[in-house]
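Visitor: Below you will find the structure I want to go over with you.
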Amino acid sequence: MSQLIRPAAQQAHWDEEADVLVVGLGVAGAAAALESVAVGAETLVLERASGGGGTSAMSGGVIYLGGGTPLQRACGFEDSVEEMFKYLMASCGPSPDELKLRLYCEGSIELYEWLLAQGVPFNAVHHFGVSGEPPNDDGLVYSGSERHHPFCDIAVPAPRGHVPAIPNQAGPLLMQKLVAAVEASPAGVRPDHRCTTLVQEPDGNVIGVVAEVFGEERALRARRGVILTTGGFIHNDAMLEAHAPLARACSVRIGAGGDDGSGIQLGMAAGADVLHMDAVSISLPATQPWSLKRAILVNGQGQRFINEDSYYGRLGEAALLHHGGRAWLIVDHEIFEKPTYPREIAAVGETVAELEAELDLPAGSLEATLGLYNRHAEKGEDPVFHKLSEHVKPLLTPPLGAFDCTTENSIYAAFTLGGLRTDVDSRVLDPAGDPIPGLFGAGRATSGLSVGSYSSGLSLGDGAFFGRRAGRNAGLG
């Protein structure tokens, strides 16, 4: 028997018990705890750190919501559940969970109102020009590729990135409000509790956990359910090597220290299935500020491979996962602008041939690429990758330059998307698709809405939505 699992017969003494145990106090854990107590369940939250927040508090704070939220309407945008659903089905990777996506879209307005009820503030101002959190306290942004090919032809675009009202990084404010709400609720919070073991009956029912607290062991019993909201596995090199090895090349790993896969491993030890463990979000913020969308992104063969106005998560995924992280952003003197994020100039040339030679690209490759691009750009068109005409401009004015967007010399920010398999009620499932009694999951410890592609705000929205469902269903027993 794995040390991650302790047979119930071997657990003779419990140090504490409650109806529901929530493991982890990020956005999913906070939502689970609040909903669990809302249905009358005695609830304890176990957090391995000395305080709540986790990766959610390190995030930009963008929450992906839509379907016609009051914030969208106040900013002058129309949206519908159906258009939101069509976009997410097209943009969330191969074979997303259609039932989860449908429920999320249908419940998006209610989730926004729930966040307001927890004290999370939003300003009804749309900010154009960023894919993530804005530099001021504006409350609504385009946080994905809604306006861009191919998605603009699939669903009517609408901005759905809802950002709490604070300049720049909004994750700390979001979690400050949610943690405060948990602490003001009947839920008990137990910091410095690192859960190492699940306690399980012979029939598979999970009835408690064992936690390490300053080197001492504490056993806590769950009368109705254990909810795993422990984050992903971006800080576990062995799991990355086994499932998503390319992510190890990224210079920035987005995740708190607890995003080490421990919750996923606990669930697997209890018999859980996992899904999409190879799925990762890879962000390459090459086109921040947005004016750099007028540049072209080329690979090691000197060829374009994507429309440059795509969300920077799509740029990173394409560059690393499909082109080995060999990428350069080509600009001319007219559109040259200092990038928002630190980025080196890899080469400069008075002619395309000189730039091509400095980058050590195949002879004639960049000349052919720019020749084709410029010919159509003269008419404001991009028939190859369908970049919006507002971002299409011939690159003709010397000198020409190339910003280094290779994996080794640029910011590639990664986090994992795969995890425990759950149903729409946040019950953890075994390989046969049957629920493991007493075990629930939400957030990045599970395989959620995004299963291979990403739009900013899906992690926080997913965690809050399915965290609430986990808390409700565990709390009701």
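The values are calculated or read from the model by the stated rules, or taken from the named source; none is laboratory data. Predicted model, so just to flag it, every value in this text is computed and none were measured. For neighbour counting, all protein chains shown are included, and Cβ atoms are generated from backbone atoms with ideal geometry for every residue, glycine included.
Visitor: Looking only at the stretch 175-188, filter to residues that are out of contact with any Ser or Thr (no Cβ under 7 Å at 6 or more places or on another chain) and of a type in the set (A, V, I, L, M, F, W, C); which one of those is farthest from G29 (Cα to Cα)?
Guide: A184
Visitor: Now a separate question. Check whether at least one residue in the stretch 276-294 is touching a residue at least 24 places away in the same chain (Cβ under 8 Å), closer than 30 Å to E42 by Cα and touching a His at 6+ places or on another chain (Cβ under 7 Å), and report yes or no.
Guide: no
Visitor: In addition: Could you count how many residues in the stretch 187-204 are touching a strand residue (DSSP E or B) at 6+ places or on another chain (Cβ under 7 Å) and closer than 26 Å to F465 by Cβ?
Guide: 7
Visitor: Then there is this: How many residues are in a strand (DSSP E or B), among the hydrophobic types (A, V, I, L, M, F, W, C) and within 16 Å of V274 (Cα to Cα) when one looks only at the stretch 397-443?
Guide: 6
Visitor: Whether any residue in the stretch 320-327 is in contact with a strand residue (DSSP E or B) (Cβ under 8 Å, 6 or more places away or on another chain), assigned to a loop (DSSP other than H, G, I, E, B) and under 19 Å from F305 (Cα atoms) is what I want to check.
Guide: Yes, some residue in the stretch 320-327 is in contact with a strand residue (DSSP E or B) (Cβ under 8 Å, 6 or more places away or on another chain), assigned to a loop (DSSP other than H, G, I, E, B) and under 19 Å from F305 (Cα atoms).
Visitor: Touching a residue at least 60 places away in the same chain (Cβ under 8 Å) and either among the aliphatic types (A, V, I, L, M) or touching a strand residue (DSSP E or B) at 6+ places or on another chain (Cβ under 9 Å) (or both), is that true of L116?
Guide: no
Visitor: Now, a different point. Exactly one of these conditions fails for A286: (1) under 20 Å from the mean Cα position of the chain (by Cα); (2) farther than 25 Å from S91 by Cβ; (3) of a type in the set (G, A, S). Give me its number.
Guide: (2)
Visitor: Can you spot a residue in the stretch 332-341 that is in a helix (DSSP H, G or I) and outside the structural domain of G93 (by TED's automatic domain parsing)?
Guide: No; the residues of the stretch 332-341 include none that is in a helix (DSSP H, G or I) and outside the structural domain of G93 (by TED's automatic domain parsing).
Visitor: Please determine whether any residue of the stretch 366-378 is free of Cβ contacts under 8 Å to residues at least 60 places away in the same chain and in a loop (DSSP other than H, G, I, E, B).
Guide: Among the residues of the stretch 366-378, at least one is free of Cβ contacts under 8 Å to residues at least 60 places away in the same chain and in a loop (DSSP other than H, G, I, E, B), which makes the answer yes.
To keep it simple, each residue is scored yes or no on (1) assigned to a loop (DSSP other than H, G, I, E, B); (2) without any contact (Cβ under 8 Å) to a residue 60 or more places away in the chain; (3) farther than 22 Å from S283 by Cα.
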residue	(1), (2), (3)
V45	no, no, yes
R48	yes, no, yes
G60	yes, no, no
G66	yes, no, yes
